[in-house]
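Trainee: Could you have a look at this structure, given as structure tokens, before my questions?
The values are calculated or read from the model by the stated rules, or taken from the named source; none is laboratory data. Note that the coordinates shown come from a computational prediction; the quantities given were computed from them, not determined experimentally. Here the Cβ positions follow ideal geometry from the backbone for every residue, glycine too, while neighbour counts run over all protein chains shown. Accessible surface is based on the protein model in full, side chains and every heavy atom, while ligands, DNA and RNA are left aside. Shrake-Rupley method; radii C 1.70, N 1.55, O 1.52, S 1.80 Å.
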Amino acid sequence: MKKAKRSVLIADRVADHTITIGGILVIVAVLAIMVFLIQQALPLFKAGHVTSRVAYDLDAGSEPVAAMAMDEHKTFAVVLLTDGNVIAVHAKTGTRLSSAAADFQGKEITSSATTSDRSSMALGFSDGTIRLARIDFPSAVIPSSELPAGLHKLDDRDLTDGSSVYSRVPGNQYRHISTEIRMEDPLAVSESGKPIVALDCNAGGEAERQTRAFVAVDSNGLATLNTAYGSLNLLTGETRTTVEQTRLPQIPGGVELHAVALTPASGMVLIAGKNGDVYRYNTSDTNAPVLAETTRVLPEGVDLTVFGFLLGGQSLVVGGTDGSLNIFFLLDRDAANTTDGRMLLRTREFERGGSSFVRFDPSPQGKSFAIAEASGALKVIHGTSQKTLMSFTPDSGVAEYRRILLAPRLDGLMAVGSDGRAHFWEFSVPHPETTFGALFRKVWYEGHPEPTFTWQSSAATDEYESKFSLVPLIFGTIKAAFYSLLFAIPIAILGAIYTSEFVHHRMRSVIKPAMEMMVSLPSVVLGFVAALVLAPIVETWIAAVILAFFVIPLALITTAYLWQLLPLRIALRLEGVPKFCLISLTVIAATYGAYRMGPVFEDLFFAGDFKSWLNGSRGSPEPFLFLLFMPVSLIAIGLLASRLRGSRRGDRPEARVHTRAGRIRPAMVDIVRWLVMLMGAALCSYGISRMLGSLGLDARGSLVDTYVQRNTLVVGFAMGFAVIPVIYTIAEDALNSVPEHLRAASLACGATRWQTAIHVVLPTAISGVFSAVMIGMGRAVGETMIVVMSAGNTPIMDINVFNGLRALSATIAVELPEAVKNGTLYRILFLAGLVLFSMTFVINTVAELVRIRFRKRAMQL
Amino acid sequence: MVDSRVTYTESLETINYPKHGGRGVVIEIKDFSLWYGHQQALFNNTLSIERGLVTALIGPSGCGKSTLIRSLNRMNDLIDGLRTQGQIHFSDENIYNPNVDVIGLRKRMGMVFQKPNPFPMTISENVTYPLKVDGIRDRRLLDETAEKALRAAALWDEVKERLHANALGLSGGQQQRLCIARAIAGDPEVLLMDEPCSALDPLATAKIEDLIYQLRGQYTIIIVTHNMQQAARVSDNTAFMYLGKLIEYGDTRTIFTNPKHGRTQDYVTGRFG
């Protein structure tokens, strides 16, 4: 036996291994991308974790706590007692640091409030006065060489000189933090000098011209809305405060007050009684406040325990003695029986606690809040996602807390117990606002009239809450792909059939490479052209564009019909280039016709102006319905006619060899038949549109409503251009690879080339054509630059083809550069990438499965 | 391709013996020549096909017999650069007249190809394809035609249980009979068979030959074959072609037992081919 050459064997072995390794590497790479995306997105769904916990005695006596504060770095914890004593401790260790007590001249603090950003606080006293105060933590970074002598160690990071703290920070530097309590002069608020029993305050304005508003209720039940205008004298550095006071309408007698709340722009004051009655004052006109609404936020017999706003003053958190915890919004409602047409509505319900919630502290960052149960259990919850971020139970089994405080960066929680023990937990919740529901289900955001899918990742203010629903983006992606495929599939597949079955092969060898070259057209160029050239043209000539959708196919069909009436001798001579030119000419002529007829068409169907017709300001709905039902009824009538004809004439038409004589008459019959069918369809769709119109049905407002320049029609055109060559090339290859002997068999049966193409070639190549469509769809789904540039990027869910959209891919491209690394948006964009990846993965898998199914039929060929 | 090593000194005149006893001429080929581009494939062929009989075209590879049979239903039209001269009359019409309806012509001439070529559809869809092409959707008529054609092609008993199974699941011989059934379903006058058994095993071949024998009389059958025994078994008339020319045409028995022409003699006795 002859042996194979050694070198051949080696080459074979090497090739074998190279290919195997290459293939495995490709699979590994794809899997690695997927694993990477999952790994980036997964932390979004994780709850927080505790990083450290301590508890220490505060030596705070039994005085109630009036206020607490903590700096951003969780170095200091400052507790202000009602008698004016200030306890400053090193939060991590509990080491007492010295700080000056505030002098209240023997007056007790009877109520207190902190602004939602914690920049300032208001303290109400027993003599009916109020002092505005601040607890600041001035900090500076100094090099280690400037560290003063005589410091002693607090822990492995911090040093202290007894009153301030030096924390080591990277780069051999120290951060010097101290505390500073500033009290402003007392402001007399209660006319009768009665103690202030409830207080809420808010800060606004600029640094030089700060406005602080506070609402105070004295023990007589007199409620006042006060606005303190501070003006800083730039020369002396002194601040002058002037106060404007407005009395709110009297609260009904016998109300035992629980709390008062004020919205940031001072537009609304809520006064809550212990029994759950809430009095809402509309104070948008500060000179004339009105009691707008009296309502109950709790069931009968349940008392109020928690009442306060989350950051932004839109979500009102309400807790009752029955352990319930709810969030209320103030919303416009037609049913509202109030003076301003708005009412407090319960929008979110939280899981009931084992006992009632008694202490509440909103986070100055985002919509999270801390809440303490009467049993001593503590929770940190995100208001919008309703995710329980953290829950704690102290080891010592504290019965009650005097006060709880969330660290400014939502990374710590301090609770001061009635026994004087302080518990301090440090934790980390990087993504409090994301849950599966927040990303994929409807969420009732603050100020929205109902739950919605909203994508709105950033805004100008800190109080703003990012809205991360991926649904509008997925919808946008599918919408863009759907409309572009609607445009691309018929053209690409008919084009493929044309070149593979009808065109002379010399022509084909020109057309196909030309189409393939279109694939290499950079999509950014397409998007650019679409946005800056196509979009204005389509906008100007919108009626003509709509008309062209009807005129061009009709013109082509008519030309094709007339062509086959040509005497064969002439037809054969003109086959090839002249015929191709004729087709092109037809398209050009039809386009020109549509362009000329556009204004007339607009007059006739859209009352002269499409855009104002579209937004409903003029015109009637029938003409558009007529256009919509025209193709449908034409197809229906065509089917009906062919069915009737088919059954009437059961036997075969007689095959004739020679047909010169009988050519004109059947042609006339055909024309008449088509005209009758067209008329019938027009009549039918006219009837339907009149009927639907009289029923009050209008496509405007649902199917179409507004027109924006960067719309889906433009995207469809531009993306069609990107997708057509892909579908065309693959479909053409598939059609072309159908064995010639099947075409021969069909033609020998007396089928025309069209019948052969439709009944034999297309069904045989359907698996290839299908995968062409699917690959085109994959391209459309993943396509980025075209949608970025021409889709308008509005994350709305509207099937209207004249409206814009925002696709997943475009969102990633546009927002990733401004997303903070490892931030919520950053991870959500990775999740969007994962969703996109899964979509294309699913599309391709389905395509492959269907393709295999189809291919089984044609496998033995 | 033409084997140019075989050379003959005798003149290449056609010896034509139209057989008497048929029911008249159905196809008349008059002085027909054909070129593929610059290469001439058929040289001035003249012959008459008689109605209701089986006519075999024999000859060595590349002699033009397939070209000739494909010229009859103008399947050659699909080939680029084709040129013809002369006439082929079918029912007193010249089918190369430019005004001829080729589709109508093909409906009247069923064709069976060398390789079984059923469509990747069900068996009944395959058989009723010619009717579908004519726009007939009457379910009853389609079923009747399918049964009739399958019976005529001696396939009914084998497939009646699985008319809706894919035709590609049939064996090669069954597939070829299905193709014959399909050709018959269109109710043609002429059946053109281009080496219908060359891809089949002897058993399947025997069945096809039986079938041709049964169809004889109902249809005018023209069969191209390489197999001289087959030609001898199934045909009434035989035409021997060589190098694109019709050498001898006549009664099959005469051609095989007493050919007038030396090359025919050499070919039928297996001295070349």
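Trainee: Scan the strands (runs of 3 or more DSSP E) fully inside the stretch A:115-163 and keep the ones with 3 or more residues being under 30 Å from residue A:264 (Cβ atoms) and not hydrophobic (A, V, I, L, M, F, W, C).
Mentor: By residue number, A:129-136.
Trainee: Could you list, in sequence order, all residues of the stretch B:135-146 that are in contact with a Leu (Cβ under 9 Å, 6 or more places away or on another chain), open to solvent by 20 Å² or more (accessible area, probe 1.4 Å) and more than 9 Å from chain A (Cβ to nearest Cβ)?
Mentor: Matches in the stretch B:135-146: B:143, B:145.
Trainee: Among the numbered criteria (1) in contact with a strand residue (DSSP E or B) (Cβ under 9 Å, 6 or more places away or on another chain); (2) surrounded by fewer than 22 Cβ atoms within 10 Å (Cβ to Cβ); (3) not basic (Lys, Arg), which one does residue A:436 miss?
Mentor: Among (1) in contact with a strand residue (DSSP E or B) (Cβ under 9 Å, 6 or more places away or on another chain); (2) surrounded by fewer than 22 Cβ atoms within 10 Å (Cβ to Cβ); (3) not basic (Lys, Arg), residue A:436 violates only (1).
Trainee: For the stretch A:47-67, check the following and say yes or no: at least one residue is part of a strand (DSSP E or B) and among the polar types (S, T, N, Q).
Mentor: Yes, that holds for at least one residue.
Trainee: Ok, one more. Looking for something of a type in the set (Phe, Trp, Tyr) and open to solvent by 10 Å² or more (accessible area, probe 1.4 Å) - is there at least one such residue anywhere in the stretch B:209-223?
Mentor: So far as the stretch B:209-223 goes, yes, one or more of its residues are of a type in the set (Phe, Trp, Tyr) and open to solvent by 10 Å² or more (accessible area, probe 1.4 Å).
Trainee: Anything in the stretch A:490-513 that is open to solvent by less than 50 Å² (accessible area, probe 1.4 Å) and out of contact with any Leu (no Cβ under 6 Å at 6 or more places or on another chain)? List them, or say none.
Mentor: Matches in the stretch A:490-513: A:492, A:493, A:495, A:497, A:499, A:501, A:503, A:507, A:511, A:512.
Trainee: Checking the conditions here, which among B:129, B:96 is of a type in the set (Phe, Trp, Tyr) and either more than 7 Å from chain A (Cβ to nearest Cβ) or free of Cβ contacts under 8 Å to residues at least 24 places away in the same chain (or both)?
Mentor: The conditions single out B:96.
Trainee: What is the one condition in (1) touching a strand residue (DSSP E or B) at 6+ places or on another chain (Cβ under 8 Å); (2) not assigned by TED's automatic domain parsing to the domain that holds residue A:98 that residue A:67 does not satisfy?
Mentor: That leaves (2) as the condition not met.
Trainee: Within the stretch A:749-762, can you find the residues that are facing another protein chain (nearest Cβ under 7 Å) and in contact (Cβ under 8 Å) with a residue 60 or more places away in the chain?
Mentor: Scanning the stretch A:749-762 gives a single hit, A:750.
Trainee: Pick from A:596, A:569: which is farther than 22 Å from residue A:674 by Cβ, within 14 Å of another protein chain (Cβ to nearest Cβ) and either open to solvent by 30 Å² or more (accessible area, probe 1.4 Å) or of a type in the set (Phe, Trp, Tyr) (or both)?
Mentor: A:569
Trainee: Only one of these is of a type in the set (A, V, I, L, M, F, W, C) and either within 14 Å of chain B (Cβ to nearest Cβ) or in a loop (DSSP other than H, G, I, E, B) (or both): A:727, A:775, A:786, A:799. Name it.
Mentor: Answer to the check: A:799.
Trainee: Within the stretch A:519-602, which helices (runs of 4 or more DSSP H) (wholly inside it) include 1 or more residues that are under 43 Å from the mean Cα position of the chain (by Cα) and within 30 Å of residue B:102 (Cα to Cα)?
Mentor: So the answer is A:542-563.
Trainee: Scan A:697, A:713, A:742 and give me the residue that is within 13 Å of chain B (Cβ to nearest Cβ) and either more than 21 Å from residue A:509 (Cβ to Cβ) or without any contact (Cβ under 8 Å) to a residue 24 or more places away in the chain (or both).
Mentor: A:742
Trainee: Report whether or not residue A:386 is under 16 Å from residue A:316 (Cβ atoms), in a loop (DSSP other than H, G, I, E, B) and open to solvent by 10 Å² or more (accessible area, probe 1.4 Å).
Mentor: Yes.
Trainee: Taking the condition surrounded by fewer than 17 Cβ atoms within 10 Å (Cβ to Cβ) and either among the polar types (S, T, N, Q) or on the phi > 0 side of the Ramachandran plot (or both), does residue A:227 pass?
Mentor: no
Trainee: Name the residues in the stretch B:147-167 that are surrounded by fewer than 17 Cβ atoms within 10 Å (Cβ to Cβ) and small (Gly, Ala, Ser), would you?
Mentor: B:165
Trainee: Tell me, which residue of the stretch A:455-481 that is aromatic (Phe, Trp, Tyr) and crowded, with 17+ Cβ neighbours inside 10 Å is nearest to residue A:552 (Cα to Cα)?
Mentor: Within the stretch A:455-481, the match that is nearest to residue A:552 (Cα to Cα) is A:475.
Trainee: Quick check on my filter: what residues within the stretch B:68-92 are part of a helix (DSSP H, G or I), surrounded by fewer than 21 Cβ atoms within 10 Å (Cβ to Cβ) and in contact (Cβ under 8 Å) with a residue 24 or more places away in the chain?
Mentor: B:76, B:77
Trainee: Within the stretch A:327-359, which residues are assigned to a strand (DSSP E or B) and more than 30 Å from the chain's Cα centre (by Cα)?
Mentor: Residues satisfying the conditions are A:357, A:358, A:359.
Trainee: Of the numbered conditions (1) assigned to a strand (DSSP E or B); (2) at pLDDT below 90, residue A:323 satisfies every one except a single condition; which is it?
Mentor: (1)
Residue by residue, here is whether (1) in contact with a Lys or Arg (Cβ under 8 Å, 6 or more places away or on another chain); (2) modelled with pLDDT under 90; (3) farther than 22 Å from residue A:856 by Cα holds:
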site	(1), (2), (3)
B:129	yes, no, no
B:135	yes, yes, yes
B:143	no, no, yes
B:150	yes, no, yes
B:168	yes, yes, no
B:183	no, no, yes
B:191	no, no, yes
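Trainee: Among the residues of the stretch B:104-123 satisfying the criterion of being surrounded by fewer than 21 Cβ atoms within 10 Å (Cβ to Cβ) and under 28 Å from residue B:39 (Cβ atoms), which is nearest to the other protein chains (Cβ to nearest Cβ)?
Mentor: Result: B:115.
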